[in-house]
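The values are calculated or read from the model by the stated rules, or taken from the named source; none is laboratory data. Every value quoted in this text rests on a predicted model; they were computed, and no experiment measured them. Heads up, the Cβs are rebuilt from the backbone with ideal geometry, glycines too, and the neighbour counts pull from every protein chain shown. The accessibility values were calculated without ligands, DNA or RNA, using every heavy atom of the protein model including side chains. Shrake-Rupley method; radii C 1.70, N 1.55, O 1.52, S 1.80 Å.
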Amino acid sequence: MASTEIMEKLNGVFCDVFDDDGIKIHAAMTARDITEWDSLNHINLVVAVERAFGVKFTTKEIMTYENVGQFADSLERKIKGEGS
Amino acid sequence: MDYLKLIKESKRIIGNPNGYPAIKIAVLGDNATQQLVQVLRAYLYRQGVFADIYEAEFDIIEQEIYNTESGLYGFKPEYVLVNVSVQKLRDRYYRVTEKDLARFTDVYRDFITGLWRRLGEKLHCRIVQNLFALPLERPLGSYTVKVRDSFYSLVSQINQQIIEKAQDNKNVLLNDLEYVSSLVGRQHWFDEKLWVHGKLFCRPDYLPFIAKNVSDIILAGAGKSRKCIVLDLDNTLWGGIIGDDGMDNIEVGNEGLGEAYSLFQRYLLDLKKQGVILAVCSKNDRETAMEVFERHPGMVLRKADIAAFVINWEPKSENIKQIAKTLNIGLDAMVFVDDSAFERNQVRSMLPQVLVPEMPDDPAEFVPVLNQLNLFETTSISEEDKKRSDFYRSESQREEVKAQFGSLEEYLKSLEMEAVFARFDQAHLPRIVQLIQRSNQFNLTTKRYNERECEDFMKDTQQCHPFYVTLQDKFGDSGLISVIILKKEGEKILVDEWLMSCRVLSRGVEQFAMNKVVETARNLNCRRVEGRYIPSAKNKMVSRFYEQFGFKEEGVTPEGTVWGLDVREYEPRQVWITENSGQKCPA
């Protein structure tokens, strides 16, 4: 489970990308839970998260994330493992 | 991140809430263009333009262009943005057989020019064609460029071929993505996972750069370019204060910090050569400051390069208004460059139409900063542009002469003006189109005809009588300064368009031209001349233009206010312009 700090920052990015300050992300959340989360916004999300955290996702990662939890966990591994 | 901001903004401009003028743009790509379309729409909206965009389906450029039943032709765009990706080109390269490799560049060039030709035949539009970002791959390192058929070399050659073909085709404007991608850095520009996953040809963060590039081109096409750069002197054109430091101590030339100022002046001189007008606005003693232009060995710019000098202690906003008046150009065509934040803010607050860039402290950064703003994008450069500063300089001399004469009449006589009133011809077409695109104030109907439409008028000798007017006098050649398009409708001559460059106002050109218009009507056995006035944001000065010639106001129609004249009642107006035959006047 990713740290609160990361989840909070990630929440900010979600709000920005989906243009909705009311979004509260949680580990089990999926694209189905946010109406605006289509394939275009998925790319916007990837790009925004990469920029906000100074990381890079792999092709496989962006194609296979199933929920916010997986997204946040891999983000945390990247931050710890690779630095930023 | 500006990208996301633009994406959000684009979602809020459905239906043009601010009622901005609309421009119809079709976007055709061999890649995912949805993000580009959103960003472009939002970016143009920030510039006060509503982009009505037709976005073709993914990767069907040829179907859209070669099938006349396609949505593209139904849409009738004013601009077609062709956006081809280096990634798709790479697919072609990897698939090509050994024997076809030698023809790879030619085949691709023919593919692109074939699209242009077809669009040119079927639509009255401008084409905005991208150049390729050079690929990151260079399998043999630096040696790759020496291998003629390496992908890198081929992309480079194709770009060159597209450039050469576009140089010969005025309807094609180039969206130089080779420049933009290297500006941001290609290692950041490309993101292969986004290509693999979503067919994005670059990281979307950089789409705002492309949007600016395309928007600048489209705005220039709509006649919204800046024409004049007004320059401060102390610590802007040279280092130091001439009034305090004196001629020997200011910094300009080849030594030390002076070189940075010289480089800035060289950039300005180059702008002048491309048709941008240079003017000076400085708080100084006039004589002391002028002496620098006349005598300082390190100066690149000389007196003759500057169209107008306003050097006094008045507020700069007032002086800039004075310059605009002297040069007869709008404040919205001006850029003001000053190292002083005080002066910049004074001008910004008093004259919001003038563009005032933030200037860096370091003079070596002046050129990069101004260059990145891309203030002088254009869609063509005519010979007249290159001579434009000279026109304005003689205009300033005329102003001085004017002061010595008692009456306007005496003054006009002394100018020894000669004019040509002639039917459109091929040689003058570029300048005609440019004037049509740029004239705002003295423009009765503001119809922005493009080159092809003008050519059609030129060829239609039955119904169309399109004329241009050139003017010269003893001070110099003003070139082609007016366009009048007449259409014969039965026994009536309709003035479809009448426009004139404001720099020849109050010299009797309108009177001269109206005499010719009525003469033309008589020669065509037409008894009635009908003029129209269509109001725009800027042409109020000609709202009652026809009245002075005895036209009667006949009512307001959707095509504007109608003014009618019975040619039998027209008395030719007195003018001090001698008519010249078409051949003598240079293009």
In sequence order, calculated HN-Hα J values of the stretch B:199-205 (Karplus, 6.51, -1.76, 1.60; Hz; x Gly/Pro): 6, 8, 7, 8, 5, x, 3
Extension gain, residue B:11 back to residue B:111 (0.36 nm per residue minus Cα-Cα distance, nm): 32.5 nm
Cut-off under 5 Å, modelled amide H: who pairs with residue B:479 long-range: B:471
Reach of residue B:272 by Cα under 19 Å, taken over lysines that are not fewer than 8 positions away in the same chain: B:224, B:227, B:303, B:386, B:387
Spatial separation of Cα centroids for the stretch B:58-131 and the stretch B:515-564, in angstrom: 44 Å
Pairwise label distance in nanometres, residue B:122 with residue A:32, each label 7 Å out on the Cα-Cβ vector: 4.4 nm
DSSP-loop chymotrypsin sites (Phe, Trp or Tyr not before Pro) across the stretch B:292-346, with at most 11 other Cβ within 10 angstrom: B:313
Flagged links, alpha-carbon separation over 27 Å, of B:212/B:538; A:9/B:212; B:447/B:516: A:9/B:212
Rg [Å, one decimal], Dmax [Å, integer] - the stretch B:402-579, C-alpha atoms: 15.8, 49
Solvent-free Debye scattering, log10 I(q)/I(0), computed from the Cα coordinates of the stretch B:278-393 at q = 0.15 Å⁻¹: -0.78
Protection proxy ranking, peptides B:347-353, B:478-484, average beta carbon neighbours within 10 Å, highest first: B:478-484, B:347-353
10 Å beta-carbon shell around residue B:564, net charge (K/R +1, D/E -1): -1
222 nm mean residue ellipticity, helices alone, for chain A (DSSP H n ≥ 4; -39,500 (n - 2.57); rounded to 500): -19000 deg cm²/dmol
Residues in the stretch B:36-57 reached by a label modelled at residue B:184 [backbone nitrogen below 15 Å; 7 Å Cα→Cβ]: B:36-41, B:43
Order of exposure, largest accessible area first, which applies to B:176, B:110, B:248, B:205 with probe 1.4 Å: B:248, B:110, B:176, B:205
Residue A:4 versus residue B:537: modelled label distance in nm, points set 7 Å from Cα along the beta carbon direction: 5.2 nm
³J(HN,Hα), Karplus 6.51/-1.76/1.60, whole Hz, each residue of the stretch A:43-51, x for Gly, Pro: 5, 4, 5, 4, 5, 5, 5, 4, 6
Gain on full stretching of the segment that runs from residue B:136 to residue B:553 - 0.36 nm per residue minus C-alpha separation: 143.6 nm
Solvent-accessible area buried by A and B, counting both chains, probe 1.4 angstrom, square angstrom: 1700 Å²
Rounded FRET efficiency, nearest 0.05, which uses the C-beta distance separating residue B:505 from residue B:463 and R0 of 41 Å: 0.85
Kirkwood Rh (inverse of mean 1/r, distinct Cα pairs), chain A, angstrom: 12.7 Å
Whole-number Å³ per residue for the convex hull built on Cα positions in chain B: 189 Å³
Simple spin-label estimate for residue B:263 and residue B:76 in nanometres, 7 Å along Cα-Cβ: 5.1 nm
Average beta carbon contacts from partner chains per residue of A:38-48, 10 Å cutoff: 5
Gyration tensor verdict on the stretch B:1-158 (Cα atoms; rounded if a/c is under 1.5, prolate if a/b is larger than b/c, oblate otherwise): oblate
Theoretical gain in end-to-end length, residue B:364 to residue B:567 [0.36 nm per residue, Cα-Cα removed]: 66.8 nm
Packing-based order for B:32-41, B:65-74, using average beta carbon neighbours within 10 Å, highest first: B:32-41, B:65-74
Residue B:415 long-range amide H proximity, modeled H, under 5 Å: none
Other-chain or far-sequence residues with amide H under 5 Å of residue B:126's (modelled H): B:79, B:80
Karplus-derived 3J(HN,Hα), 6.51/-1.76/1.60, for each residue of the stretch B:89-105, Hz, glycine and proline x: 5, 4, 4, 4, 4, 5, 8, 6, 7, 3, 6, 8, 4, 4, 9, 3, 5
Euclidean distance of C-alpha centroids, the stretch B:244-320 and the stretch B:149-184, integer Å: 36 Å
Percentage, to the nearest whole number, of Cα pairs in the protein assembly as shown over 49 Å apart: 25 percent
